[in-house]
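The values are calculated or read from the model by the stated rules, or taken from the named source; none is laboratory data. Just so it is clear, the model here is predicted, and its values are computed rather than measured. Positions of Cβ are generated from backbone atoms using ideal geometry, with glycine treated the same way; all protein chains shown enter the neighbour counts. Side chains included, ligands, DNA and RNA excluded: accessible areas come from the protein's heavy atoms. Shrake-Rupley method; radii C 1.70, N 1.55, O 1.52, S 1.80 Å.
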Amino acid sequence: MADLRRNGLPNLARLPMLTPLPWVVVVGYVIVFLVLDWASFIRPLQGLNITPWNPQPALAVALLMASRRLWWVVIGGLLAAEVLVRGLPGDLVVVSMAAGALTCSYLAMAAALERKLGNGWTVSTGRDVGWFLAIIALGSLLSGVVYVGTYAAGGVLPPGPMWAALTRYWVGDAVGMTVTLPILLVAMDADRRDTLTYTLRQWQWWVTALAIVALLGLLFGGGGDSFNYAYLLLLPVIWASMRFGIAGAVLTAGLTQIGLIVAMQAGQHQDMFVVELQLLMASITTTGLLLGVTVDERARSDAELRSSLRLAAAGQMSAALAHELSQPLTALATYAQICELLAGDSAPQTPERRALLIDVTRKISADSRRAGDVIKRLRDFFQTGATHLKACDLNSLVAEELQAQQRRADASSIRLSSEVPEGLPRVWVDEVQIQVVLRNLVVNALDAATARGGPGNVVVRVGAADSELVVEVLDSGDGVTPTQALSVFEPGASTKVGGMGVGLGICRAIVEAHGGRLWAQTGPAGHFCFTLALDGDEPQAQAS
């Protein structure tokens, strides 16, 4: 049995049957049960006192879902209602047998609902609504059979055919529980109860309530063929369900049901008309529940998606950092080994060796700062999309990157060159982030040219077109096929041995954050392009 303390209710199932606390629940239950029975005791079928609307069975089922041990309270409430509200339709033995049979039916419904809805008792998905309605319909039919059958066996027969009494009982119980039980289940759950309270504090809910009251007044105030327009009551229920989810659905359905009961009491309507209205009420409630759980499911999905996106961003950032820090960390390790060799060499310290040692330590410091900048800028970019813009000469950025890769190109017999015209305008970019883009594209081009074997070449070309600069990185590798072009920027799409498949995806995100585009040209050789917007004025914001 679920621990009800987390829902704000005492754990009735774990308490002795006659401890003081359950007596408070017992007295409160009986009082509310009698009030509901009295309020719904309208147009009773003579002989069996069957009414067209019975909300009190929902209270009994909810109590039995909280604790099976309180079955005797349910029997006591049924007997008290027969004596104090309905008047005994038969001798006390028959009435007691009918109360016991109904209690068994309610126990079966409570067990079935708890099994299908789980310990939380929440109607939170379309599947839950389907099971809820099916259990209510079958359970109400079972209750009608045992109630009418028990009285028939005791010699108390209704006027007219048995099936008419059974149908009336079935409709009354099914509609009463369909409308009332969801409200009780929501009220028994702490989170849903807070949602219910929040909904009642919203002015939109009260406008919806006034609309329901106004529609009821228009439909039933003038008499006549009001049922022909009763479908208009669907409109406020649908709106509230879509606006507030399951909380709006149960509240508007409950208010509509109360209004219909008042209208039936105030007017002179035939019993068949009352049954038709209750069937309409069942349709209205079902529609509201389905819409309400759909809205709630969508809200939960949105929350889960936002959480997943945050996790994905965190994963992408960690992969990006690992990808971008691998080169400076490798360089730092190499420089540290050189320093160790220079320091451990027994040869005399010459000015040339001293200058070499100073140069290596400066490179260690520079690569350390570069690694720190990469960490900070990529972290800012993935967390907030921030880009620290300043006016940069793209020519110098390209030259710096080619110089950094020159030794590797020479070792692989790759000719590394650039074609950058003089007089290009400066562009407003995040220098560190654009260096990440250039480094990824140039390193990928070197890998592609080297993999083909033999001498090759890599060219970085920059040109102006309209209001943007176009940067092209070309290589003598195998190029990109049309099929590869569709997924080359997706995470995990790396074709390099040991590659993580995040570099090009990061590059595209950075270029797009700068207002540009990054794409791959298909063909027999490698050809990647990206654009950067030209703007002669300083940007108003330093983040995008």
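Taken over the stretch 169-207, the criterion of being under 21 Å from Asp296 (Cα atoms), assigned to a helix (DSSP H, G or I) and of a type in the set (A, V, I, L, M) is satisfied by Val179, Leu181, Ile183, Leu184, Leu185, Val186, Ala187, Ala190, Leu196, Leu200. Would it be correct to say that Thr167 is open to solvent by 40 Å² or more (accessible area, probe 1.4 Å) and among the polar types (S, T, N, Q)? Criteria met by Thr167.
Cβ-Cβ contacts under 6 Å between residues 6 or more apart (or on different chains), taken from a first residue in the stretch 176-198 that is over 17 Å from Ala110 (Cβ atoms) to a second residue that is aliphatic (A, V, I, L, M) and open to solvent by less than 20 Å² (accessible area, probe 1.4 Å), are listed as Val179/Ala253; Arg192/Val186; Thr195/Ala247; Leu196/Val186; Leu196/Ala247. The residues of the stretch 429-442 that are in contact (Cβ under 8 Å) with a residue 40 or more places away in the chain and either open to solvent by 10 Å² or more (accessible area, probe 1.4 Å) or under 17 Å from Cys529 (Cα atoms) (or both), listed by number, are Val429, Glu431, Val432, Gln433, Ile434, Val436, Val437, Leu438, Arg439, Asn440, Leu441, Val442.
Quick check, is Lys390 of a type in the set (Lys, Arg), modelled with pLDDT of 70 or more and over 24 Å from the mean Cα position of the chain (by Cα)? Considered against the rule, which asks whether it is of a type in the set (Lys, Arg), modelled with pLDDT of 70 or more and over 24 Å from the mean Cα position of the chain (by Cα), Lys390 comes out as yes. The residue pairs whose first member lies in the stretch 204-223 and is farther than 14 Å from Trp239 by Cα and open to solvent by 20 Å² or more (accessible area, probe 1.4 Å), whose second member is at pLDDT below 85 and not in a helix (DSSP H, G or I), and whose beta carbons are closer than 7 Å, counting only pairs six or more residues apart or on different chains, are Phe220/Gly267; Gly223/Gly267. Within the stretch 74-95, the residues that satisfy the criterion of being surrounded by fewer than 23 Cβ atoms within 10 Å (Cβ to Cβ) and either over 16 Å from Ser40 (Cβ atoms) or touching a strand residue (DSSP E or B) at 6+ places or on another chain (Cβ under 9 Å) (or both) are Ile75, Gly76, Leu79, Val83, Leu88, Pro89, Gly90, Asp91, Leu92, Val93, Val94, Val95.
Condition test on Val480, is it over 13 Å from Asn440 (Cβ atoms), open to solvent by less than 30 Å² (accessible area, probe 1.4 Å) and at pLDDT 80 or above? Yes, satisfied. Taken over the stretch 489-518, the criterion of being within 19 Å of Asp447 (Cβ to Cβ) and modelled with pLDDT of 80 or more is satisfied by Cys507, Arg508, Leu518.
Quick check on Ala541: is it under 24 Å from Leu469 (Cα atoms), modelled with pLDDT under 85 and in a loop (DSSP other than H, G, I, E, B)?
Numbers: under 24 Å from Leu469 (Cα atoms): yes; modelled with pLDDT under 85: yes; in a loop (DSSP other than H, G, I, E, B): yes.
Spelling it out, Ala541 is indeed under 24 Å from Leu469 (Cα atoms), modelled with pLDDT under 85 and in a loop (DSSP other than H, G, I, E, B).
Take Val471 and decide whether it is open to solvent by less than 30 Å² (accessible area, probe 1.4 Å), at pLDDT 90 or above and not acidic (Asp, Glu). Yes, satisfied. Across the stretch 419-429, the number of residues qualifying as in a loop (DSSP other than H, G, I, E, B) and in contact with a strand residue (DSSP E or B) (Cβ under 8 Å, 6 or more places away or on another chain) comes to 5.
Residue-wise test of (1) of a type in the set (Val, Ile, Thr); (2) at pLDDT 80 or above.
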{"position": "Gly254", "(1), (2)": "no, yes"}
{"position": "Val262", "(1), (2)": "yes, no"}
{"position": "Gln270", "(1), (2)": "no, no"}
{"position": "Val274", "(1), (2)": "yes, no"}
{"position": "Leu279", "(1), (2)": "no, no"}
{"position": "Ile284", "(1), (2)": "yes, yes"}
{"position": "Thr287", "(1), (2)": "yes, yes"}
{"position": "Val293", "(1), (2)": "yes, yes"}
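Of all residues in the stretch 426-452, which are over 12 Å from Asp478 (Cα atoms) and among the β-branched types (Val, Ile, Thr)? Residues satisfying the conditions are Val427, Val429, Val432, Ile434, Val436, Val437, Val442, Val443.
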